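First up is the structure itself, then whatever we jot down about it.
The values are calculated or read from the model by the stated rules, or taken from the named source; none is laboratory data. Quantities reported herein were computed from a predicted structural model and do not represent experimental measurements. For neighbour counting, all protein chains shown are included, and Cβ atoms are generated from backbone atoms with ideal geometry for every residue, glycine included.
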Amino acid sequence: MEHTFSLRTNAHDQMIDITSEINQWLMEQEISNGIVIISSMHTTAGITVNENADPDVKTDFLRRLDEVYPWEHSKDLHMEGNTAAHLKASTVGHAQTMILSNKTLILGTWQGIYFCEFDGPRNRRYHVKVIEG
């Protein structure tokens with residue numbers, strides 16, 4: 001069981017909570033228990049699990065990545081000029097693996113799943129696959 005989701009980012013760097021969208025899709029599926037893999041289909045965007053209660057976490061997260069990987073660096077050679085986006089995506093990771101129990105993702109109290117944009121705004125996709133078990 002798998003599905004590709006589409007979204008539109010509206011900022012250069014952005015974290016979009018995709019938890020509800022994934023949970024809604026999972027509720028419509030026949031599989032109740034297993035492993036769920038959520039994967040970004042891009043080299044300049046990633047997937048992470050982080051706090052979803054305080055919006056300042058997203059702000060701080062993106063700011064600190066900018067500090068580590070500034071957008072412009074005099075030694076960057078990549079002709080597209082988005083080396084920082086590639087580094088951020090590799091640091092965050094392209095995928096997350098979650099546990100599905102009774103059609104619900106097992107997440108901590110403050111956890112949400114985020115699509116992380118590092119080179120937007122763009123039309124983006126992420127893929128979700130459920131492995132029953």
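Out of Glu67, Glu21, which single residue is at pLDDT 95 or above, exposed (fewer than 11 other Cβ atoms within 10 Å of the Cβ) and not in a loop (DSSP other than H, G, I, E, B)? Explain how you work it out, then say what you get.
Numbers: Glu21 fails: exposed (fewer than 11 other Cβ atoms within 10 Å of the Cβ).
Of Glu67, Glu21, the one residue that is at pLDDT 95 or above, exposed (fewer than 11 other Cβ atoms within 10 Å of the Cβ) and not in a loop (DSSP other than H, G, I, E, B) is Glu67.
Since Gly34 meets every condition but one in (1) on the phi > 0 side of the Ramachandran plot; (2) out of contact with any strand residue (DSSP E or B) (no Cβ under 9 Å at 6 or more places or on another chain); (3) not β-branched (Val, Ile, Thr), which condition does it not meet?
If we test Gly34 against (1) on the phi > 0 side of the Ramachandran plot; (2) out of contact with any strand residue (DSSP E or B) (no Cβ under 9 Å at 6 or more places or on another chain); (3) not β-branched (Val, Ile, Thr), just (2) comes out false.
Return the residues of the range 24-45 that are in contact (Cβ under 8 Å) with a residue 12 or more places away in the chain and not in a loop (DSSP other than H, G, I, E, B); say none if nothing qualifies.
Scanning the range 24-45 gives Trp25, Leu26, Met27, Gly34, Ile35, Val36, Ile37, Ile38, Ser39, Ser40, Ala45.
Pull up the range 93-113, narrow it to residues that are in contact with a helix residue (DSSP H, G or I) (Cβ under 8 Å, 6 or more places away or on another chain) and surrounded by 17 or more Cβ atoms within 10 Å (Cβ to Cβ), then point me to the one that is farthest from Ile47 (Cα to Cα).
Result: Leu100.
Could you list, in sequence order, all residues of the range 24-36 that are aliphatic (A, V, I, L, M) and surrounded by fewer than 16 Cβ atoms within 10 Å (Cβ to Cβ)?
The answer is Met27, Ile31, Ile35.
Here's the yes/no breakdown for (1) without any contact (Cβ under 8 Å) to a residue 60 or more places away in the chain; (2) over 17 Å from the mean Cα position of the chain (by Cα):
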position: Asn50; (1), (2): no, no
position: Asp54; (1), (2): yes, yes
position: Leu62; (1), (2): yes, no
position: Ala84; (1), (2): yes, no
position: Ser90; (1), (2): yes, no
position: Asn102; (1), (2): no, yes
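Assigned to a strand (DSSP E or B) and modelled with pLDDT of 95 or more, is that true of Ile16?
Criteria met by Ile16.
Checking the condition closer than 25 Å to Gln29 by Cβ and acidic (Asp, Glu), which residue from Glu117, Glu132 passes?
The unique qualifying residue is Glu132.
Checking the condition surrounded by 15 or more Cβ atoms within 10 Å (Cβ to Cβ) and in a strand (DSSP E or B), which residue from Thr4, Thr48 passes?
Thr48
Tell me whether the range 103-117 contains one or more residues that are more than 22 Å from Leu7 (Cβ to Cβ), among the small types (Gly, Ala, Ser) and either touching an Asp or Glu at 6+ places or on another chain (Cβ under 8 Å) or part of a loop (DSSP other than H, G, I, E, B) (or both).
Yes, the range 103-117 contains at least one residue that is more than 22 Å from Leu7 (Cβ to Cβ), among the small types (Gly, Ala, Ser) and either touching an Asp or Glu at 6+ places or on another chain (Cβ under 8 Å) or part of a loop (DSSP other than H, G, I, E, B) (or both).
Sort out which residues of the range 73-88 are in a loop (DSSP other than H, G, I, E, B), within 23 Å of Phe61 (Cα to Cα) and out of contact with any helix residue (DSSP H, G or I) (no Cβ under 9 Å at 6 or more places or on another chain), and write them in order of number.
Scanning the range 73-88 gives Gly81, Asn82.
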